[in-house]
Number of protein chains: 2
Amino acid sequence: MAYETALAVLADPTRRQVFERLRSGPCPVHAIAEGLPVSRPAVSQHLKVLKDAGLVEERSEGARRIYSLRREGLAELRDWLDSFWDDALLAFKIEADRTYRHAKGRGDGDDE
Amino acid sequence: MAYETALAVLADPTRRQVFERLRSGPCPVHAIAEGLPVSRPAVSQHLKVLKDAGLVEERSEGARRIYSLRREGLAELRDWLDSFWDDALLAFKIEADRTYRHAKGRGDGDDE
DNA sequence: CCGTCTCGTAAGCCATCACTTACCGTAAGC
DNA sequence: GCTTACGGTAAGTGATGGCTTACGAGACGG
């Protein structure tokens, strides 16, 4: 359910740079913006999207907003990816000739 | 290198549906399009992008093009995701009070 | 040989979205 | 108090890209 969001959010190169910037630890907005080729408001917008997707979390420290990574936000995406390995392994052998059984008189080895 | 591509390619909902449709086994284009709310040419375009990203592979069978999944295409994305877990685990402890050593007694309960 | 089914490609349209500048609230420093 | 640093938000713009219809090319059956 959230893996789709994570996918969409991390698809943007700049936003991914913001995200990866936080790998080295919590960081205020202006510090993130300094290392990037975009303006600070742009970074703010990206951080909002990332926070909304549960990929980062924000904490106020005086006038500063400290952003940090939330690895939990990646969990569902990781699970989704994992599901391809076992799922494919299984469904492959089972569905191999079921999916297509009609109109397949040719009888060649279709799958691997 | 390719994980960025996979990320961008799988970010689109329709394209992801095309991709997931192939989980159950190899499939010709028209069969994929039938189960989707978009036209067949749209599916063709998505398949082109997916193939270009190494996420599916195509095989000609007469007039039909049979598309099938390439789980290998997901490997780099998976690795990238994995890298967050160990990387964060490590850098976190080290940088924890270095980056922002200013009096940060309160942890957010990350790990020990 | 011709009609049909297969599918990819071209051209065009339209929505999404990332980025910009401008502005406003808030917290610390003088 | 005023000024400066920090950062979120609004409005407007430009480009990316996903979708459509129309067309062309190849394979098969009559």
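The values are calculated or read from the model by the stated rules, or taken from the named source; none is laboratory data. These numbers were taken from a predicted model, which means no experiment stands behind them. Here Cβ is always computed from backbone atoms with ideal geometry, including for glycine, and neighbour counts include all displayed protein chains. Each accessible area value is taken on the protein alone, full model and side chains, heavy atoms only, with ligands, DNA and RNA left out. Shrake-Rupley method; radii C 1.70, N 1.55, O 1.52, S 1.80 Å.
Structure above, values below:
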quantity: Members of the stretch A:43-69 found to be surrounded by 15 or more Cβ atoms within 10 Å (Cβ to Cβ) and at the interface with chain B (Cβ under 10 Å from one of its Cβ atoms), listed by number; calculated: A:E57, A:I66, A:S68, A:L69
quantity: Answer residue from the stretch B:4-34, given it is polar (S, T, N, Q) and more than 9 Å from every other protein chain (Cβ to nearest Cβ) and is most open to solvent (accessible area, probe 1.4 Å) among those; calculated: B:Q17
quantity: Hits in the stretch B:46-75 (condition: more than 23 Å from A:L81 (Cα to Cα) and either away from DNA strand D (no atom under 16 Å from the Cβ) or not in a strand (DSSP E or B) (or both)); calculated: B:G62, B:A63
